[in-house]
Amino acid sequence: MMRRRAFLAAMTSAALFSPVRAASSRFDAVVRKTPGKGEFASITAALAAAPGDKPFRILVTAGEWRERVNVEKPFVELIGEGRDKTVIVSNASAGDKGENGKPIGTFGTPTIYVKAPDFTARHLTISNDFDYAGHLPKPVPDDKTGASGSQAVALAIQDKADRVYLEDVRLTGNQDTLFVNTGRSVFRGCRIEGNVDFIFGAGRAVFDACEIVSLLRPNQDFNGFVVAPDTNVYQPYGFVLVNCKLMKQAGVAAHTVALGRAWRRTGTFPDGKYGDPEAVGATVYINCWMDDHIVPEGWYPMGYSKKDGTRTELMPEEARLFEFGSTGPGARPASPRRRILSAEQAKAYDAKLVLDGWMPQ
């Protein structure tokens, strides 16, 4: 009888201190499909409980979480149970109609929209699974990848967002997967997937040892562009990709993806609506391996509207687009467009300089 009691006590103790319970105890909130006492059934509900003045760690357990999430409080951390297990996903696209009957546009589509500083995400996937292949835009005269309507953002970093850190996160979409528009961000050991301009915006970001994967655009001769920065000319840094691998999905042909193109976003000014003349995109690839899908000339131009309403192109040579130490089949500099930094020039892109002294641990 005494042995039986001792055995039951040991089993009870093991249950109380099981890895699952121990892991949950390290978090301020837990999101679960079948929530227990004090747990949450959605990420949005858990975020509502965040105090906003101190770190708030949320465990998002394994499963597909189909919801659109707005992060409007600082110091939020989302932790998954593995990027192949915890998947946060939605499918909004720019052509979808809003409550007013008008298209919601690119910036109405993010699965996760970070609007506050000090956001962290680890060990999960953020996806926009809009059916891009079923809605492929037709090419237009100054854009091989077509007009608007099929943009669908997975993660947007905007408004007051700053000091954003992602580690071991998969970001997946097609056109416009990742919008980094404000503040400073670091992506470490992440996998970022898309095809057209799938890393874009005016923010500054360091991509450290990430897999950058170009996805197939079915039945198309050209597969897209990796980055589309529209960095302000007075901001010294935009996107810096260090020790990354530029990879491709099966079926993506050789020489069908550009390293990027500088975006001159249309703005409204006192004297009209036209491409912002202060947008002079900045991106540097440092010690990156590139597969053969990268075009020999590296960078492409991008069209924009001039003040008089006519269309023109922002040429790569007019922007701040550089490489240093590129390797792999796609790294052969076969064009003056591929401007290669010297070792001394590359030192200016040290992460501490890019991030203005901030460095996540």
Nearby aspartates and glutamates by direct alpha-carbon distance to Lys85 (threshold 13 angstrom, same-chain neighbours under 8 apart not counted): Glu64, Asp168
Hz values of 3J(HN,Hα) by residue in segment 122-127 - Karplus curve (6.51, -1.76, 1.60), Gly and Pro given as x: 9, 6, 7, 10, 10, 10
Karplus 3J(HN,Hα) series, Hz, for segment 29-43 with 6.51 cos²θ - 1.76 cosθ + 1.60 (x for Gly, Pro): 8, 10, 10, 9, 4, 10, x, x, 4, x, 9, 10, 8, 8, 5
Residue-by-residue Karplus 3J(HN,Hα) for segment 290-298, coefficients 6.51, -1.76, 1.60, Hz, glycine and proline x: 10, 6, 7, 6, 6, 5, x, 7, x
Selected from Tyr304, Val69, Pro55, residue furthest toward positive end of dipole (the chain; charges at beta carbon): Pro55
Label-to-label distance, nm, for residues given as Asp131 and Asp143 (7 Å Cα→Cβ offset): 2.2
Cross-link partners of Lys73 among aspartates and glutamates (Cα-Cα below 18 Å; sequence separation of 8 or more within a chain): Asp28, Asp53, Asp118, Asp159, Asp162
Under-5 Å amide H pairs with Glu193, H placed in peptide plane, nonlocal only: Leu171, Thr172, Gly173, Val213
Normalised contact order of the chain, rounded percent, pairs of Cα under 8 Å and 6 or more residues apart: 9
Net dipole in debye of the chain [+1 Lys, Arg Cβ; -1 Asp, Glu Cβ; about Cα centre; nearest 20]: 1260
C-alpha center-to-center spacing [segment 284-310, segment 262-276] in angstrom: 20
Spatial separation of Cα centroids for segment 60-116 and segment 193-240, in angstrom: 19
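Against the 2.2 N^0.38 Å scaling, with N counting residues, where does segment 125-284 land? I'd like the Cα-based Rg ratio to two decimal places. Spell out each step's value before the answer.
On the way: Rg = 15.2 Å, N = 160, 2.2 N^0.38 = 15.1 Å.
My calculation over the Cα atoms of segment 125-284 gives 1.00.
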Estimated FRET transfer efficiency when R0 is 22 angstrom, pair Glu278-Ile104 (beta carbons, to 0.05): 0.25
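Ignoring everything except DSSP H segments at least 4 long, calculate the 222 nm mean residue ellipticity for the chain; use -39,500 (n - 2.57) per segment, divide by total residues, nearest 500. Can you show the working numbers first?
Working: 5 runs with 35 residues, N = 361.
That comes out to -2500 deg cm²/dmol.
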Reachable lysines, given that their alpha-carbon falls under 21 Å from the alpha-carbon of Lys245 and they are not under 8 places away in the same chain: Lys347
The chain: angle of helix 2-16 to the longest principal axis, Cα-based, in degrees nearest 10: 20
Overall Cα dimensions of the chain, principal axis frame, Å, largest first: 88, 52, 41
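If you take every DSSP beta bridge whose two residues both sit in the chain, what share of them, in percent to the nearest 5, is antiparallel?
If I count the DSSP bridges inside the chain, around 10 percent turn out antiparallel.
We did not get these values from a lab; they are worked out from the coordinates using the rules stated. Not measured: the values here are computed from a predicted model. All Cβ positions, even for glycine, are placed from backbone atoms using ideal geometry, and neighbour counts span all protein chains on display.
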